[in-house]
Amino acid sequence: MSKSFVNHSSILQIAQQPMAAAKDLLALAMAPAYRVVNGLLVVAVFMAVSLWLSGNGTNAGAFDLARILVSDEVRHIVWQNGLGTADIKKEAASSQSVVLGVKKQTIALLMPSVAYAQIKPISHLTDQIPMSKIDPQALDTNLMGSIQNQRAVADFFQKKYSLDRNKIEEYVSNAVVIAKEANIDPVLLLAVISVESNFNPNTKSSAGAEGLMQVMTLVHKDKYAFYGGISDAVKPEVNIRVGAYILKYLIASAGSLRNGLKFYVGAANAEDDGGYADKVMAERHRIISLCQPGSSNKLTLNGKDLRS
């Protein structure tokens, strides 16, 4: 009796195996159909609610329902910056990198918050200058593209001018961001700032030049108007932008970097510029040397090691 029962159970198991396989195949075949049906149900509910809103005296509709379901911030990210921006920003924040809104460039910054300042870019002016007229020496060599190099430059100027660390990181980061906007070398901007103002934004000359880049405020008040007027002329993020445009314009007009620097210092009609171009070029060379491999132990000022 026991043997017969075992045989009967075996027969039942054998008979059930094809049925189970058939059910699995049927479920697999019907899966796409189930997904389509579920999707249609979601769309039907969405449209039903939309129609109800439209006929409820509210003049609302499908897009209004979307506004309810999706926040303004998320929609702004999707429509303005693309579907992957949220992930990009998350990754950027973790690596001290930011996505520049003006040209969608991802750059590393010592102080990433600088890139998120609510200020208009200068590219609307600098992009009008033909790049073919710019001396290659004034173009970005990407030496300042790494956090390591930016930190080395910040270390140098912090010790050279006894600057507050946060301020020098702000100035260096602004120079890098603005250089990207203006399509000019940030090393050159930093060299001009060093020679012109020693990184003191409150510096003002007797001739009326102000700020980090010593821009003649009244002469260039039309450019400052774009940033709310001359009252903000000494703000680093404004002053560097206006100065970067003027410098790039003069380089293009004068035909070379050295002549552009001569024009920038106001010696366009003079026989020489009093050594101004040489000073800027020397400072530019120092910054470049900081960013070169193997230069970490070679930086000195008046015979003293600045990296110790």
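A short reminder: the numbers here are calculations on the coordinates, not readings from a lab. All of these numbers come straight from a predicted model, not from anything done at the bench. Positions of Cβ are backbone-derived with ideal geometry, glycine not excepted, and every protein chain shown enters the neighbour counts.
Some values worked out for this structure:
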{"read-out": "Packing-based order for 155-161, 182-188, using average beta carbon neighbours within 10 Å, highest first", "value": "182-188, 155-161"}
{"read-out": "Gain in span if fully extended, residue 253 to residue 127, counting 0.36 nm per residue against the direct Cα distance", "value": "43.9 nm"}
{"read-out": "In Hz, Karplus ³J(HN,Hα) per residue of the stretch 159-168 (6.51, -1.76, 1.60; θ = phi - 60°; x = Gly, Pro)", "value": "6, 5, 10, 6, 8, 5, 4, 4, 5, 5"}
{"read-out": "Shape call, the stretch 171-219: gyration tensor on alpha carbons, a/c limit 1.5", "value": "prolate"}
{"read-out": "Across 120/262; 204/262; 160/221, pairs whose alpha-carbon gap is larger than 25 Å", "value": "120/262; 160/221"}
{"read-out": "Highest to lowest packing among 137-145, 225-233, 212-220, scored as the average C-beta count within 10 Å", "value": "212-220, 137-145, 225-233"}
{"read-out": "Equivalent ellipsoid semi-axes - Cα gyration tensor, the stretch 100-305, angstrom", "value": "23, 20, 18"}
